[in-house]
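Chemist: Can you keep this structure in mind? I'll have questions shortly.
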Amino acid sequence: MLSIITRTARLAGAHWPALVAWFLAGWLARYLLIELAAVVGASTLLGGLLIMPLAILARLISFVAMFLVLRPGMPHLQRFGDGTPETRRSRTRRHRRAEFQSAVLASILPFFAFYAAWGFLRDDMQQYSRGAIDNFTANNFGTGASFADVDQLGFDALTISIIVLAFGGRWALARYASRLPRWVALIGVYLEAIWVFMSIYLISGVLGAIAGWFDSRQAMVWLDDMRGWLAEFAAPLVWVWDAAAWAVGEVGGLIILPLAWLTIAGVIYGHAIPARTVAAPARLTAAQQRYERSVPAWLRRRLGDLGMQFIRRFRPVWRAILTIWHAGAIPMGIYILAYTIVVALQGWVTWGIIAAVGPHDLQTFWMIVDALIALAVMLLIEPVRIALVSAAYDHSLGATMNAAVSAPEATDEDPADAATPPATPVEGTAAAGQQPQSRG
């Protein structure tokens with residue numbers, strides 16, 4: 001169990017320069033792309049929003065590279081995912097490029113969803129909105145022009161058309177990838193990012209509107225009034241109420257955040273793991289068997305064809321969750337505690353640097369230096385955090401292998417899928433979210 005901590009130290013120490021370089025590259029690319037989107041967005045709203053997915057994609061690519069850099073130091077992944085040392089040495093550059101592309105494509109949907117759920121998308125859009133409005137004001141000062149709703153997307157015909165066209169284009173490029181130049185795969189990655197970004201952004205707006213609607217309902221007013229009444233006659237109950245609400249929010253964040261990153265790591269590493277390695281829980285396997293017995297084969301095929309475009313995108317996430325499931329409560333508890341400490345170190349180190357620097361003028365010093373301090377601390381902490389997530393996933397993978405040995409018949413995928421690991425760009429894109437090209 002403590003091997004997670006020791007392996008984290010070994011991974012971070014052995015690969016620190018590469019981890020720092022990839023993180024810095026992703027951070028700078030994101031910043032520059034948001035600035036570019038703000039310049040374009042000052043003239044056309046749609047143009048700016050079509051560039052914004054590239055900023056998030058830049059961060060994703062840097063994280064994928066950071067995780068893959070650590071792969072040689074993960075013994076369980078090396079043993080069960082990459083084959084023998086001779087096989088690893090014989091891998092061509094094209095094969096490595098295909099693996100990287102497959103990992104990026106498989107990670108777009110879960111990473112963008114996590115990015116939005118944890119507020120990072122909101123921060124990026126706020127930075128983009130401020131830049132676009134500043135650029136518009138500077139270019140149109142005194143003209144009387146107005147520029148409102150710079151970051152708004154609506155359920156209109158244009159937005160829906162873009163989502164449908166991007167999804168359809170992504171499907172077509174994956175289906176006919178063998179007939180197209182290899183560089184076209186980059187367009188497929190962008191189209192995947194476009195439709196996922198716009199869909200998640202629209203869904204986030206709808207959920208925000210629904211939450212605002214509930215907050216304005218009379219029932220919420222009654223709830224606030226009841227809390228005020230309790231504050232007057234039973235103050236300890238209000239303290240318990242507030243403490244419980246705080247605990248639910250804090251504990252949920254402390255547990256969900258490290259598990260979310262562990263799931264993303266599982267999606268990135270999962271393309272290198274044989275499908276039958278990940279054993280499904282017995283209850284799910286029994287439910288699948290009952291489904292196969294009760295539903296006619298022709299109906300299963302039709303339902304499979306209809307939902308496969310979306311199922312294939314969620315399958316890597318499902319496999320990652322199954323891998324985490326087999327790790328056990330105590331190792332995951334150690335990982336979550338270590339992750340919380342590493343994240344807390346970021347604030348502690350920042351406070352220590354600020355205290356060591358001492359008081360200075362706000363306008364001439366801190367408005368410039370605080371951003372540099374935050375970046376320096378991230379460059380120090382992020383490699384440790386990524387190494388910790390990778391070490392925890394490698395431990396989970398080892399536990400999964402033991403479970404697979406004891407239950408070799410349990411699987412979460414079809415044998416046909418298990419027999420075809422992604423070895424080419426066509427297969428990699430299919431595994432990430434699309435059907436492979438028909439051979440018939």
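Chemist: Among 48-58, 351-361, what's the highest-first ranking by average C-beta atoms within 10 angstrom per residue? Before the final figure, lay out the partial values.
Modeler: On the way: 48-58: 22.8, 351-361: 10.4.
Order by mean packing, descending: 48-58, 351-361.
Chemist: Any chance you could look up the accessible area of E382 with a 1.4 Å probe, heavy atoms only, rounded to 10 Å²?
Modeler: That residue has around 20 Å² of solvent-accessible surface.
Chemist: What ranking do 109-121, 198-210 get when scored by the average of other Cβ atoms within 10 Å per residue, highest first?
Modeler: Details: 109-121: 18.9, 198-210: 15.0.
Ranking, from highest mean packing down: 109-121, 198-210.
Chemist: Give a residue-ordered list of calculated ³J(HN,Hα) values for the stretch 36-45 (Karplus: 6.51 cos²θ - 1.76 cosθ + 1.60, θ = phi - 60°; whole Hz; x for Gly, Pro).
Modeler: Going residue by residue, I get 5, 4, 5, 5, 5, x, 5, 9, 9, 4 Hz, with x marking Gly and Pro.
Chemist: Express in nm, to one decimal, how much length is gained between A243 and L186 on full extension, taking 0.36 nm for each residue of separation and deducting their alpha carbon distance. Display every interim value, and only then the final one.
Modeler: On the way: separation 57, 0.36 × 57 = 20.52 nm, distance 4.92 nm.
Using 0.36 nm per residue and subtracting the Cα-Cα distance, I get 15.6 nm.
Chemist: Label L379 and Q126 with points 7 Å out from Cα along Cα→Cβ: what is the distance between them in nm?
Modeler: Output for this residue pair reads 2.6 nm.
The values are calculated or read from the model by the stated rules, or taken from the named source; none is laboratory data. This is a predicted model, so every value here is computed, not measured. We place every Cβ from the backbone using ideal geometry, glycine too, and count neighbours over all the protein chains shown. Side chains are part of the model used for accessible areas, which takes the heavy atoms of the whole protein and leaves out ligands, DNA and RNA. Shrake-Rupley method; radii C 1.70, N 1.55, O 1.52, S 1.80 Å.
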